[in-house]
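S.K.: Can you keep this structure in mind? I'll have questions shortly.
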Amino acid sequence: MSREPRAREPWPWLLAGLLGAMIGISLTFLAIAIRHPDPRVVEDAWASEPGIADAIRARQEAEARGWALAVRTADVAGGVRLEVMLRDASGHALAPERVRVRRERPAEGGFDADLELLRSGESFAGEVPLPKGGRWTITVSAERDGGLAEERLALVGPG
């Protein structure tokens with residue numbers, strides 16, 4: 001009686017190898033996540049809450065009054081020039097107390113900055129430098145009488 005050798009099936013070994021590769025990749029991702037934790041947005045969330053609530057109230061107040069920002073942009077060397085006017089519900093110009101600009105680079109850290117625009121007649125104007133080419137998010141906010149009107153712009157920097 002002679003026995004023929006059984007053919008080995010490759011499927012169990014293939015499945016075990018695939019499972020082992022998935023475990024190895026998951027452990028690699030875990031090691032990377034542990035070595036590079038996400039930075040904190042704020043150090044003390046409880047202490048920053050009143051400021052967040054005040055900002056939300058100010059935005060709601062401006063919306064209830066019908067305020068809107070009129071923002072004009074013009075490309076300049078190395079950035080963009082902004083001209084900002086605050087308008088009421090009927091389209092009349094209002095004089096804001098302060099106009100601020102927040103420059104953010106979503107794809108890369110280290111380039112975010114807060115700037116303040118200067119009064120230029122009825123509007124506020126100033127240049128916002130964009131040090132690198134690519135996508136930038138510019139948030140313009142105007143404050144007046146406890147209200148806060150905001151406008152977000154998506155711009156592409158030079159380069």
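S.K.: Kindly indicate whether Leu14 is at pLDDT 95 or above, more than 15 Å from Glu150 (Cα to Cα) and either loosely packed, with under 10 Cβ neighbours inside 10 Å or not hydroxyl-bearing (Ser, Thr, Tyr) (or both).
M.R.: On the way: at pLDDT 95 or above: no; more than 15 Å from Glu150 (Cα to Cα): yes; either loosely packed, with under 10 Cβ neighbours inside 10 Å or not hydroxyl-bearing (Ser, Thr, Tyr) (or both): yes.
Spelling it out, it is not the case that Leu14 is at pLDDT 95 or above, more than 15 Å from Glu150 (Cα to Cα) and either loosely packed, with under 10 Cβ neighbours inside 10 Å or not hydroxyl-bearing (Ser, Thr, Tyr) (or both).
S.K.: Would you check if there is a residue in the range 19-28 being of a type in the set (S, T, N, Q), more than 24 Å from Thr139 (Cβ to Cβ), open to solvent by 50 Å² or more (accessible area, probe 1.4 Å) and without any contact (Cβ under 8 Å) to a residue 12 or more places away in the chain? Full working, then the answer.
M.R.: First, pick out the residues of the range 19-28 that are of a type in the set (S, T, N, Q): 26, 28.
Subsequent filtering for residues that are more than 24 Å from Thr139 (Cβ to Cβ) retains 26, 28.
Applying the additional criterion that residues be open to solvent by 50 Å² or more (accessible area, probe 1.4 Å) yields 26, 28.
Retained after the next criterion (residues that are without any contact (Cβ under 8 Å) to a residue 12 or more places away in the chain): 26, 28.
For the range 19-28, residues of a type in the set (S, T, N, Q), more than 24 Å from Thr139 (Cβ to Cβ), open to solvent by 50 Å² or more (accessible area, probe 1.4 Å) and without any contact (Cβ under 8 Å) to a residue 12 or more places away in the chain: present.
S.K.: Could you say which residue among Glu122, Glu150, Glu116 is touching a helix residue (DSSP H, G or I) at 6+ places or on another chain (Cβ under 7 Å) and acidic (Asp, Glu)? Don't jump to the end; show me each part of the working.
M.R.: Details: Glu122 fails: touching a helix residue (DSSP H, G or I) at 6+ places or on another chain (Cβ under 7 Å); Glu116 fails: touching a helix residue (DSSP H, G or I) at 6+ places or on another chain (Cβ under 7 Å).
Unique residue meeting the criteria: Glu150.
S.K.: Taking the conditions exactly as written (under 20 Å from the mean Cα position of the chain (by Cα) and either of a type in the set (A, V, I, L, M) or closer than 18 Å to Leu130 by Cα (or both)), does Ile52 satisfy them or not?
M.R.: Values: under 20 Å from the mean Cα position of the chain (by Cα): yes; either of a type in the set (A, V, I, L, M) or closer than 18 Å to Leu130 by Cα (or both): yes.
It is true that Ile52 is under 20 Å from the mean Cα position of the chain (by Cα) and either of a type in the set (A, V, I, L, M) or closer than 18 Å to Leu130 by Cα (or both).
S.K.: Name the strands (runs of 3 or more DSSP E) wholly within the range 41-159 that hold at least 2 residues that are surrounded by fewer than 13 Cβ atoms within 10 Å (Cβ to Cβ)? Let's see the steps before the verdict.
M.R.: On the way: elements: 68-76, 79-87, 98-104, 113-116, 118-120, 123-129, 134-144, 147-157.
The qualifying strands (runs of 3 or more DSSP E) are 68-76, 113-116, 118-120, 147-157.
S.K.: Given (1) without any contact (Cβ under 8 Å) to a residue 24 or more places away in the chain; (2) on the phi < 0 side of the Ramachandran plot, identify the lone condition not met by Gly110.
M.R.: Result: Gly110 fails condition (2) only.
The values are calculated or read from the model by the stated rules, or taken from the named source; none is laboratory data. Predicted, not measured: the structure shown is a model, and the values here were computed from it. Please note: Cβ atoms are built from the backbone with ideal geometry, for glycine as well, and neighbour counts cover all protein chains shown. These area figures cover heavy atoms from the full protein model, side chains too; ligands, DNA and RNA do not enter into them. Shrake-Rupley method; radii C 1.70, N 1.55, O 1.52, S 1.80 Å.
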